[in-house]
Amino acid sequence: MKNLLVSIFIITLFMSALYGKSKHILVLQSYNKGLVWTDNISKGVEDVLLSQKNPYEITTEYMDTKKINNKEYMEQMYKLFLMKMKIQKFDAVIAGDNEAAEFILEYKEELFENVPLIFCGIDKRDPGLDIDMVLKKGITLILESKEIKINMQFITKILPNLKELYVINDYTGASVLVNNTYRREAEALEEKGIRVVLNFDGILEEIEEDIKNLPKNSAVLFGSLFRDKNGNYVPYYDVNRVLNTSKVPLFAMSDSHFGKGVIGGYLLRSYGLGEAAAKEAIDILEKGKKSLKEPIVIPSQWAFDYKILEKYNINMSKIPKESIIINLPKTFFERNRKLVEYSFILLPFLMISLIFAIINNYQKYKLSQKLKAQSELQAVLLNNIHSSIFWIDNQSRVKGCNNSFCKMLNMPQDEIIGKEICEIFFKFCDMSIKESLRELKEIEFTIDEKIYRLTSQIFMNNRGENGGIVSIITDITEKKQLEVNTQFIVQQSKLSEVGEMLSAIVHQWKNPLVELSAVAHKMLYYDKKEKLTSKDIKIFYDNIMTQTIYMSETIDGFRDFIRPSNTPKAFNVDTGLKEVLMLLSHSLKYAHIELDYINSSKEFCFAYGYPNEFKQVVVSIINNARDAIVEEKNLNSTLKGKITLTLKKNTEGIELFVDDNGCGIKDKVIDQIFNPFFTTKSRGDGFGLYMAKLIIENKMEGRIKISSLEKGTRVSISIPISESIT
């Protein structure tokens, strides 16, 4: 309940801000949404208010008293409304049925002080309220007229042979108020020799059994049924199902089940109650209408279902003339509308046919001209396409082509069309392209040192069948050359990092060279002193080999870095990163920059792509991070430079984050950072990050982006996982 109150508080606050300027009406329904009676009252209110020129906002609350109705529940309902009314004020309140009216009367001063109130759905004869007291409080009262006596008398009139009347009602809410009226009218019918059975218990199983066993010349009068005598809620659809098991005429007091198996009667129409309540609210709020000294009474209406009347052979002449009739049969004109229309058309048929023929011929002429113009336009468009286009039928005969194809074969179009494709395009037969063409494969071939790509697609004929194949031949020589040039550019970009790498290698080789020099001098000294033993030689040998292997591994790593990756393959990202970090460790060390590498993945991180180019990207990014830190150190000598690499693996791919605490990137240039030739460095060429984006996104189908940190910059790289590690 606490969570419910908080949720409603938040929703009400939002609605209050949104609708503060319009008139706000609260419709407080005694029962639950889904009951036809309740829904019709709401619809009547909404149809009237929402059709007004001035805006009206409607909030509908359902007390649900057919399911639960006790003192504790009402107290909680009061607390809920007390909270809502602190932030939400209503311009008027409409109460539907007795429970809502009683709730408002009890808490009027606390909840709805000085708010216009309209009560509807209160029975005229058995109101359950002190009518005079309600009117004295200035409350507008709209009464319903539940005509039990009129309905019972009408049943005996329309069914003159009636022997037994089965009456259904319950003990809930307003139903209790009218049960004495049912008993009084039942006694009157008993005196006339008509047996009346009153069932107010609401037990569906018993009602269903009683209805099935009703004798001949019986009828059923339904009042209302929401709860049985044990307090259990009875769903509307279950009630309707039981009512439809009746084999005798079924009448009702309200329109809740009208149109669903009920003959009808003098029915309460809840829609009219909602209409009247809404109109009174408008008069009060817009016209300043004072409270009424007398209640408004909304009379019942005679309403019947023609299909049910016909089912029980009830003569229509016996029902009141002012009755509303639903499901009336169609009139002759409605049943034979087309026949009548054709009859009117028959006389001028010849003239109209002639006019239609003229119009049809004119439209055909216009269509032919349009098709001709469209055909000429398509020919112009086709002939202005640089790619060669031709189409063949299922017998491989050329059906058409564009000028580019004619130029490619150096033949006029009239010599090409109608020929078998291999007769004019020998390349097809020499290279088995014809078979690939039938399989709609994309193929490449070379003519006169030019590279071409052929793509094909089936086309349909005018019957929607396979008409043949249309093919497009595109010259991709320049594209292929561009791919070669791109690889060259990548390698050139890599060479720009070689100077940095060579400097790192020089630093890495200094220590082993010094060590080798020291070993050489020591060996010479031992030899001169004649102290050199086989054990010393073994120690000197191991030391020399250790340093030599280290230098060899360093140069091997450098050689792998500068060698281009010709074909994509699976590679271990973790291994590649460690190789790069080994090459760069000394240059970062001499720049007094700390380097951390964190592999968050517990599994092998295999990606598919170009391993050496990927290393190039990482080197370029780390060098940029180093330069940014050096630039920041020039401004802040106490800065402790740090670069952090974090490797992660998830279901979507492999992610690498490179963070630094350097000078960062200004927001105004961050969108241009991957553009070629764009640089923020005084000696930069603006090519490193451009090539990084080209390698990651174009060659490896990944994603790279740069973002600013609170202190420094983050480069994020995402690449696909390899499905294989071989």
**OP:** Read through the list (1) in contact (Cβ under 8 Å) with a residue 60 or more places away in the chain; (2) assigned to a helix (DSSP H, G or I); (3) touching a strand residue (DSSP E or B) at 6+ places or on another chain (Cβ under 9 Å); (4) of a type outside the set (G, A, S), then give the number of the only condition that F90 fails.
**Re:** (2)
Subject >> Filtered residues of the range 624-661 (kept if in contact with an Asp or Glu (Cβ under 6 Å, 6 or more places away or on another chain), within 17 Å of I696 (Cβ to Cβ) and open to solvent by less than 40 Å² (accessible area, probe 1.4 Å)) >> reply: A625
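Being β-branched (V, I, T) and surrounded by fewer than 13 Cβ atoms within 10 Å (Cβ to Cβ) is the filter here, so list the residues in the range 380-427 that pass it.
V380
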Original post:
Given V220, V239, which one is open to solvent by less than 10 Å² (accessible area, probe 1.4 Å), farther than 23 Å from A95 by Cβ, within 49 Å of the chain's Cα centre (by Cα) and of a type in the set (V, I, T)?
Top reply: V239
Original post:
Is there a residue in the range 200-212 that is open to solvent by 30 Å² or more (accessible area, probe 1.4 Å) and of a type outside the set (D, E, K, R)?
Top reply: no
Original post:
Can you find a residue in the range 313-320 that is touching a residue at least 24 places away in the same chain (Cβ under 8 Å) and of a type in the set (A, V, I, L, M)?
Top reply: yes
Original post:
Can you name the strands (runs of 3 or more DSSP E) wholly within the range 260-331 that have at least 3 residues being open to solvent by 20 Å² or more (accessible area, probe 1.4 Å) and touching a strand residue (DSSP E or B) at 6+ places or on another chain (Cβ under 8 Å)?
Top reply: 296-298, 324-326
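Conditions tested, residue by residue: (1) over 22 Å from G274 (Cβ atoms); (2) within 41 Å of the chain's Cα centre (by Cα).
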| residue | (1), (2) |
| --- | --- |
| Y62 | no, yes |
| L80 | yes, yes |
| E110 | yes, no |
| K136 | yes, no |
| L143 | no, no |
Original post:
In the range 573-601, which residues are open to solvent by less than 30 Å² (accessible area, probe 1.4 Å) and in a strand (DSSP E or B)?
Top reply: I593
**OP:** Test each condition in (1) surrounded by fewer than 17 Cβ atoms within 10 Å (Cβ to Cβ); (2) in a helix (DSSP H, G or I) for I104 and report the one that comes out false.
**Re:** (1)
Subject >> Checklist (1) assigned to a loop (DSSP other than H, G, I, E, B); (2) within 21 Å of R453 (Cα to Cα) applied to M408, failing item >> reply: (1)
Original post:
Is there a residue in the range 226-233 that is in the same structural domain as E164 (by the TED database) and open to solvent by less than 20 Å² (accessible area, probe 1.4 Å)?
Top reply: no
Subject >> Members of the range 267-313 found to be farther than 27 Å from Y56 by Cα and among the basic types (K, R), listed by number >> reply: K307, K311
**OP:** Could you tell me whether T181 is of a type in the set (S, T, N, Q) and touching an Asp or Glu at 6+ places or on another chain (Cβ under 8 Å)?
**Re:** yes
Original post:
For N572, are the conditions met, namely being at pLDDT below 85, under 30 Å from I721 (Cβ atoms) and either of a type in the set (F, W, Y) or more than 37 Å from the chain's Cα centre (by Cα) (or both)?
Top reply: no
Original post:
So which residues in the range 21-39 are farther than 25 Å from Y78 by Cβ and either at pLDDT 95 or above or open to solvent by less than 40 Å² (accessible area, probe 1.4 Å) (or both)?
Top reply: S22, V36
Original post:
What are the residues in the range 37-55 that are under 32 Å from the mean Cα position of the chain (by Cα), in a helix (DSSP H, G or I) and farther than 25 Å from A252 by Cα, if any?
Top reply: E46, D47
**OP:** Would you be able to tell me the number of residues in the range 343-362 that are at pLDDT below 70, open to solvent by 100 Å² or more (accessible area, probe 1.4 Å) and either in a helix (DSSP H, G or I) or not hydrophobic (A, V, I, L, M, F, W, C) (or both)?
**Re:** 4
Subject >> Subset tally (residues that are outside any helix (DSSP H, G or I) and touching a residue at least 12 places away in the same chain (Cβ under 8 Å)) for the range 611-640 >> reply: 2
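The values are calculated or read from the model by the stated rules, or taken from the named source; none is laboratory data. These numbers were taken from a predicted model, which means no experiment stands behind them. Glycine also receives a Cβ, built like all others from the backbone with ideal geometry; neighbour counts cover every protein chain displayed. In case anyone asks, the SASA skips ligands and DNA or RNA and just uses the protein heavy atoms, side chains included. Shrake-Rupley method; radii C 1.70, N 1.55, O 1.52, S 1.80 Å.
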